[in-house]
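What follows is one structure encoded as structure tokens, with my remarks underneath.
The values are calculated or read from the model by the stated rules, or taken from the named source; none is laboratory data. What you see is a predicted model; the values in this text were computed from it and never measured. All Cβ positions, glycine included, derive from the backbone under ideal geometry; neighbour counts span all protein chains shown.
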Amino acid sequence: MTNWKVILGIAKTHLLTKLRQSGTAALGVTFGIGSYIILVCFMTGLNGMLDDLILNLTPHIRIFNEIEPSKKQPVDMYTGLQNTFNVVHSIKPKQSQKKIHNAAPIIKHLNKDPRVRGAIPQVKAEIFYISGSIEIGGNLVGIDVMQEVKLFNFKDYVVQGLPQDLKNTENGILLGIGIAEKMALNVGDRVQISTINGDIFPLKIVGFYQSGIAEVDKIQSFVNLKTAQRILGKPNN
């Protein structure tokens, strides 16, 4: 049978006879455990933030029309060379449209599937932001903003203005916070964008977007889907 009285008496004697050593040991253990708890909390928070950024900024599945050279070249169809190893240099992709064929019916079909939380379109374009003599290269993304809010918590990254402001403004733009700081622009100002073809469009800044990733915020902005299609001269399909 364990005699707790004796055990506790021995422990008390050792602790009180060497009080300085006991205090140092206690502080060392406290500091070590405290540092461990702080580190674990930091890593947990960092992992949570990165997971949120990844899941909120990127779709689980991205569907696009991948243009690549045909794996079967005309020389492979020539019967006289069937039993030979053919090498064709400088193969170029065939002329094809970059857009997804029958995109609207595909999106409609996916949204009817109970296993799909949501399928929404995006249109991306490479542009230049122009304000006075300042020109900055970047990306413009055309979105259905309210669907982005529903599926990707988009409103959490709008630091000034509201997603509804973009929806209600035909020529509005949610400007990346990094671009706004470089060009000294504020909400309500106008910024011109230029496409790679040289066409220039003035857009009204309705808010600022900040993802938390500086390299993204320096180049990326958002407009309504129809606005992006009009800027690129593309139909609504």
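Observations on the model:
- Annotation note: Cβ proximity below 7 Å between a residue of segment 132-146 that is within 15 Å of G176 (Cβ to Cβ) and a residue that is of a type in the set (D, E) (sequence gap 6+ or interchain) occurs for N139/E126.
- Neighbours by Cβ (under 8 Å, 6+ apart or cross-chain): first from segment 106-117, under 13 Å from I63 (Cβ atoms); second in a helix (DSSP H, G or I): V116/L110
- Residue tally, condition under 30 Å from I143 (Cβ atoms) and of a type in the set (A, V, I, L, M, F, W, C), over segment 6-57: 7
- For Y129: the one exception among (1) of a type in the set (F, W, Y); (2) within 23 Å of the chain's Cα centre (by Cα); (3) exposed (fewer than 10 other Cβ atoms within 10 Å of the Cβ): (3)
- With respect to the stated conditions, E181 fails to be within 20 Å of I219 (Cβ to Cβ), at pLDDT below 90 and of a type in the set (D, E, K, R).
- Scope segment 37-69; condition within 15 Å of the chain's Cα centre (by Cα) and charged (D, E, K, R); matching residues: D51, D52, R62
- Top-ranked residue of segment 8-36 - restricted to ones that are β-branched (V, I, T) and modelled with pLDDT of 85 or more, ranked as nearest to the chain's Cα centre (by Cα): I33
- Selection status of T30, part of a helix (DSSP H, G or I) and within 30 Å of F152 (Cβ to Cβ): no
- Scope segment 188-211; condition loosely packed, with under 15 Cβ neighbours inside 10 Å and farther than 13 Å from S131 by Cα; matching residues: G188, I196, N197, G198, D199
- Residue in segment 97-110 that is farther than 26 Å from L55 by Cα, in contact with a Gly (Cβ under 8 Å, 6 or more places away or on another chain) and either in the same structural domain as E215 (by TED's automatic domain parsing) or not basic (K, R) (or both) present: no
- Subset of segment 50-85 (residues that are surrounded by 11 or more Cβ atoms within 10 Å (Cβ to Cβ), more than 24 Å from R117 (Cα to Cα) and without any contact (Cβ under 8 Å) to a residue 24 or more places away in the chain): Q73, V75, D76, Y78, L81
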